[in-house]
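These notes are about the structure you will find just below.
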Amino acid sequence: MSLPTIEPAKTRVGWIGTGVMGNSMCGHLLAKGYKATIFSRTKEKAAALLAKGAAWGASPREVAERSDVVFSIVGFPADVRSVTLGEDGSLAGCRAGSVLVDMTTSEPSLAVEIAEKAKAKGVHSVDAPVSGGDIGAREARLSIMIGGEKEIVEALRPCFEAMGKTIVYQGGPGAGQHTKMVNQILIATNMIGVCEALLYGYKSGLDLNVVLQSVGPGAAGSWSLANLGPRIIQNNFDPGFFVEHFIKDMGIALAESQRMGLAMPGLALAHQLYVALKAQGHGRDGTHALELALAGLSGIDWKKR
């Protein structure tokens, strides 16, 4: 299959999924001069992009028919399967030589399946999940973990550079998704530590903002502490990444770990705590809302502290 040439003035971009992350990511491509056709299950969520000059596609298939490269970032593996492999999905609308790039955090096995079915049609496929949350998406400094054909990944680099700062090729189909599982496992137990530490600081009578000045720059520092710690203190639990999506990611990681014969007790604990958090009505809050559930275990109403 021939390699695509990516140029803002010539390459037609398709975008499927305009949620918390996708809206900003597609916006960066528009700002670079790419013409985009977009689709979202809720057209109202695409209003800002349409106002910036994007065109509307009535379905993922129609988006693909009008595009050279189709990006998608949706919620769950079932959504990926539907918008990519469904009867009205993007692959059905692709012509030979076009490229599918799924940036959803999804199942490695599904990424491999998509790559195989795309190849049979003469279409390139890349899995490129991201990390960095709403802030990273907004500021175009996401970490992008990529699996697929290396030559295609390099050809797509101008698009990736419009959205992120850390762009690393990980290997063949599914390798990007496996790398994202590593990322999510790291975040899962780290978030428990961040929330427990702030809970301890509060109960001991410390000024949490002053505490962050001491512990943030040291060995205990982390992205979650620096970016989500202040939100927790301010009772701002708006989503940079939804609790329900994080539960999905941890479920994928646990299933892959079981398949590989790995015991993952820390990940299993984090998964159960987040399942409890969702059951308490916080599935659409940000992942840092874990503070609410952990505080509740000690009889503390965090929001009323």
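For region 118-180, give me every one of the strands (runs of 3 or more DSSP E) that falls completely inside it and has 3 or more residues that are aliphatic (A, V, I, L, M) and free of Cβ contacts under 8 Å to residues at least 60 places away in the same chain.
The strands (runs of 3 or more DSSP E) meeting that bar are 142-148.
Restricting to region 9-45, name every residue that is of a type in the set (Phe, Trp, Tyr) and closer than 17 Å to Pro129 by Cα.
Trp15
Take Gly19 and tell me if it is of a type outside the set (Val, Ile, Thr), under 23 Å from Arg138 (Cβ atoms), without any contact (Cβ under 8 Å) to a residue 60 or more places away in the chain and exposed (fewer than 14 other Cβ atoms within 10 Å of the Cβ).
No: the conditions fail for Gly19.
For region 281-304, name all the residues that are within 28 Å of the chain's Cα centre (by Cα), surrounded by 14 or more Cβ atoms within 10 Å (Cβ to Cβ) and either β-branched (Val, Ile, Thr) or not in a loop (DSSP other than H, G, I, E, B) (or both).
Passing the criteria: His282, Gly286, Thr287, His288, Ala289, Leu290, Glu291, Leu292, Ala293, Leu294, Ala295, Trp302.
Cβ-Cβ distance below 8 Å, separation of 6 or more or different chains: which pairs start in region 214-242 with a residue that is in the same structural domain as His288 (by TED's automatic domain parsing) and end on one that is loosely packed, with under 15 Cβ neighbours inside 10 Å and assigned to a loop (DSSP other than H, G, I, E, B)?
Between residues of region 214-242 that are in the same structural domain as His288 (by TED's automatic domain parsing) and residues that are loosely packed, with under 15 Cβ neighbours inside 10 Å and assigned to a loop (DSSP other than H, G, I, E, B), the close pairs are Val215/Gly221; Leu225/Gly216; Ala226/Gly216; Gly229/Gly216; Arg231/Asp238; Pro239/Arg284; Phe242/Arg284.
For Ala115, are the conditions met, namely being in the same structural domain as Gly33 (by TED's automatic domain parsing) and under 24 Å from Pro8 (Cβ atoms)?
no
Going through region 42-59 one residue at a time, which ones are of a type in the set (A, V, I, L, M, F, W, C) and either in contact with a helix residue (DSSP H, G or I) (Cβ under 7 Å, 6 or more places away or on another chain) or free of Cβ contacts under 8 Å to residues at least 12 places away in the same chain (or both)?
If the condition is that a residue be of a type in the set (A, V, I, L, M, F, W, C) and either in contact with a helix residue (DSSP H, G or I) (Cβ under 7 Å, 6 or more places away or on another chain) or free of Cβ contacts under 8 Å to residues at least 12 places away in the same chain (or both), then Ala47, Ala48, Leu49, Ala51, Ala54, Trp56 are the ones that fit.
Which residue is surrounded by the fewest Cβ atoms within 10 Å (Cβ to Cβ), if the candidates are limited to region 230-258 and must be touching a Ser or Thr at 6+ places or on another chain (Cβ under 9 Å) and part of a helix (DSSP H, G or I)?
Selected residue: Glu256.
Within region 54-66, is even one residue under 17 Å from the mean Cα position of the chain (by Cα) and closer than 22 Å to Leu29 by Cα?
no
Tally up the residues in region 90-117 that are within 23 Å of Ile6 (Cβ to Cβ) and either touching a residue at least 40 places away in the same chain (Cβ under 8 Å) or crowded, with 22+ Cβ neighbours inside 10 Å (or both), please.
Number satisfying all stated conditions: 15.
Out of Glu62, Glu7, report the one residue that is assigned to a loop (DSSP other than H, G, I, E, B), of a type in the set (D, E, K, R) and either touching a helix residue (DSSP H, G or I) at 6+ places or on another chain (Cβ under 7 Å) or not assigned by TED's automatic domain parsing to the domain that holds Cys94 (or both).
Selected residue: Glu7, the only one of Glu62, Glu7 that is assigned to a loop (DSSP other than H, G, I, E, B), of a type in the set (D, E, K, R) and either touching a helix residue (DSSP H, G or I) at 6+ places or on another chain (Cβ under 7 Å) or not assigned by TED's automatic domain parsing to the domain that holds Cys94 (or both).
The values are calculated or read from the model by the stated rules, or taken from the named source; none is laboratory data. Computed from a predicted structure; not experimentally measured. Cβ atoms come from the backbone with ideal geometry, glycine included; neighbour counts cover every protein chain shown.
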